[in-house]
C-alpha cells in the first residue's frame, strides 16, 4: 500500500503527538510508594527538608510554599503541579526546567513516573493520613532539616576500638 503525502503528514503528526504525550493512565500508588523512597531523602510530607513538603503538591501552584528558597526558574514558572507538569519535570528536571535547584537526575521510565504521581495523589493529598496534623513524624537523627549550611547530626557514633587483650 502506497501512502500519499497528506496521509504521511497525518501519520507523522499522529506519531509525533503520541510520542510527546506522557502516558498517565492509571499508575500504581503502592509501587509508587516504593519508588518514592528515593524522593524521601529530600522531601517530607509536611516538613521542609532539602526540598519543599509534598502534601498537596498535586494541584498546588509551583513555588508557592512560603519561605522555601525556590530557584528563580521555579519562582518564575506560572503553572499548577498537575499530572502533565509532574510527568515532564520528573523525567529530567534540569532539562525540563533549566536553573532548577532539584539535583535529581530524572525518572526515565514512564511507568515509574505514573506510579510516583499516583502515590503523590493518594498519599500526599491534603486529606491523606500523612498530611493530617501529627501525621508526619519527626525526622530521624541525621536528616537534613532544610537549614542551609547546617551539618546533619550523625545517625550513629562509631564504636570505640576494643582494648587489647592482656
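What to note about this one:
- Order of 55, 42 under a 10 Å beta carbon neighbour criterion, fewest first: 42, 55
- Normalised by the number of residues in region 28-130, the average gap of Cα pairs under 8 Å and 6 or more apart makes the relative contact order 36 percent.
- In plain terms, the residue of 85, 54, 43 with the fewest other Cβ atoms within 10 Å comes first and the most crowded comes last, giving 85, 43, 54.
- Relative exposure of 109, 83, judged by other C-beta atoms within 10 Å (fewest first): 109, 83
Any read-out appearing in this document is the output of simple, stated calculations on the displayed coordinates, not a laboratory observation. Predicted model only: the values in this text are computed from it and were never measured. Because the Cβ atoms are built from the backbone with ideal geometry, glycine has one as well, and the counts that use them run over all protein chains shown.
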